[in-house]
Amino acid sequence: MQLQLDDIALFARIAELGTLSAAARERDVPVSQVTRSLARLEAACGVRLLHRTTHGLSLTDEGDTFLGYGRRLLDTSAELDSELTGKVSGPSGWVRVTASPLMAECVIAPSLPGLYQRHPNLHLDISADDRIADMAREGFDIAIRSGTQHSETVVARQIGTFGRTVCASPEYLHTHGTPTHPRDLEHHRMLTNSASPALNRWAWTDPLSHSRAELQVNGHTRADNTALLVSLVLQGLGVARIHDLSALPLIRQGRLVPILQSYFVSPQVPIYAVILQERHRLPKIRACIDYWAEWMADGAKNSP
């Protein structure tokens with residue numbers, strides 16, 4: 001069979017996106033060009049690869065078989081290209097990354113200067129969204145996720161952990177005093193998360209008696225995302241328990257003060273870099289993940 005890799009790549013995207021027009025829009029080409037590419041593949045294979053109906057497209061049995069082999073061909077080609085170019089100039093090319101806005105702001109963005117310095121031929125295309133992206137359908141190379149279950153179709157490598165810290169601004173503590181016991185928080189202005197009520201139940205342990213209790217925090221002010229909650233704390237509006245990825249840099253800068261640390265010991269939640277199985281060996285992807293694991297380990301060592 002005389003096959004062109006670009007035709008195979010386009011067929012894979014048609015299968016993932018579900019329509020010829022969607023694949024054409026993604027490539028910014030006419031639908032007729034996509035149709036000709038598909039026709040070349042079917043002629044080369046001597047079989048029909050897609051069922052076309054008024055309801056859309058579906059793979060034939062032969063198309064499903066071809067897609068599996070085609071993806072392996074594409075991945076092998078990409079891996080070979082990365083290995084050969086990597087030996088000359090190091091990891092290179094575009095890496096598409098999806099992450100929550102918090103992970104994008106607190107992990108990816110501050111790590112990029114060092115990543116680009118180490119691997120100047122890498123380029124990142126970053127999508128910051130709280131939803132869980134379909135990596136194959138949307139063409140993402142890496143997803144940064146925390147504490148989630150992973151399917152058998154992906155490889156997940158832990159790159160770090162995070163906890164949560166009870167904080168207030170120096171200005172707030174100067175005005176309202178510093179609590180010395182969790183029960184003191186009943187007399188303070190509390191800032192809570194309206195999107196995840198479970199985050200407003202703060203478990204604590206007495207460091208002397210080792211007895212455990214839970215504080216149900218009722219907010220003076222509520223916010224539905226971490227970035228806004230952090231902003232409210234920085235404005236001196238109250239006390240909050242916030243994500244360490246946001247809190248620790250601000251504590252180092254003196255803009256936030258951790259309180260009641262001996263009572264509130266937060267369990268560590270793992271942070272993963274998730275990759276499709278067939279792509280985890282690509283040098284450009286390994287380079288990003290290795291660097292982020294190192295960067296987060298350095299940050300943990302320098303935590304207050």
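The values are calculated or read from the model by the stated rules, or taken from the named source; none is laboratory data. This structure is a prediction, so every number in the text was calculated from the model and none was measured. Here the Cβ positions follow ideal geometry from the backbone for every residue, glycine too, while neighbour counts run over all protein chains shown. Calculation scope for accessible area: heavy atoms of the full protein, side chains included, ligands and nucleic acids excluded. Shrake-Rupley method; radii C 1.70, N 1.55, O 1.52, S 1.80 Å.
When every residue of the stretch 79-90 is checked against the conditions, none turns out to be at pLDDT 90 or above, open to solvent by 70 Å² or more (accessible area, probe 1.4 Å) and among the acidic types (Asp, Glu). Checked against the criterion of being closer than 30 Å to Thr178 by Cβ and among the aliphatic types (A, V, I, L, M), the candidates Val274, Val269 yield just one match: Val269. Restricting the stretch 268-284 to residues that are in a helix (DSSP H, G or I) and in contact with a strand residue (DSSP E or B) (Cβ under 6 Å, 6 or more places away or on another chain) leaves a set whose member that is modelled with the lowest pLDDT is Gln277.
Being small (Gly, Ala, Ser) and free of Cβ contacts under 8 Å to residues at least 40 places away in the same chain is the filter; apply it to the stretch 149-194 and report the residue that is nearest to Leu260 (Cα to Cα). Filtering the stretch 149-194 for residues that are small (Gly, Ala, Ser) and free of Cβ contacts under 8 Å to residues at least 40 places away in the same chain, the one nearest to Leu260 (Cα to Cα) comes out as Gly177.
Considering the stretch 236-247, and only residues there that are within 21 Å of Met103 (Cβ to Cβ) and open to solvent by less than 30 Å² (accessible area, probe 1.4 Å), the residue that is modelled with the highest pLDDT turns out to be Ala240.
Of the residues making up the stretch 119-146, those that are open to solvent by less than 70 Å² (accessible area, probe 1.4 Å), within 15 Å of Cys288 (Cα to Cα) and assigned to a loop (DSSP other than H, G, I, E, B) are His119, Asn121, Phe140, Asp141. Per the listing Gly63, Gly68, the residue uniquely surrounded by fewer than 15 Cβ atoms within 10 Å (Cβ to Cβ) and not in a strand (DSSP E or B) is Gly68. Need pairs with beta-carbon distance below 7 Å; first residue farther than 18 Å from Asp61 by Cα and within the stretch 23-51, second among the charged types (D, E, K, R); sequence gap 6+ or separate chains. Sorted first by the residue in the stretch 23-51, then by its partner, the pairs are Ala23/Arg13; Glu26/Arg13; Ser37/Asp7; Arg40/Asp7.
Kindly evaluate Tyr116 against the criterion of being farther than 29 Å from Ile159 by Cβ and either under 19 Å from the mean Cα position of the chain (by Cα) or open to solvent by 30 Å² or more (accessible area, probe 1.4 Å) (or both). No: the conditions fail for Tyr116.
Please determine whether any residue of the stretch 255-269 is in contact (Cβ under 8 Å) with a residue 12 or more places away in the chain, buried (at least 17 other Cβ atoms within 10 Å of the Cβ) and within 30 Å of Trp94 (Cα to Cα). No: zero hits.
Residues of the stretch 214-235 that are among the aliphatic types (A, V, I, L, M), open to solvent by 30 Å² or more (accessible area, probe 1.4 Å) and modelled with pLDDT of 90 or more: Leu234 alone.
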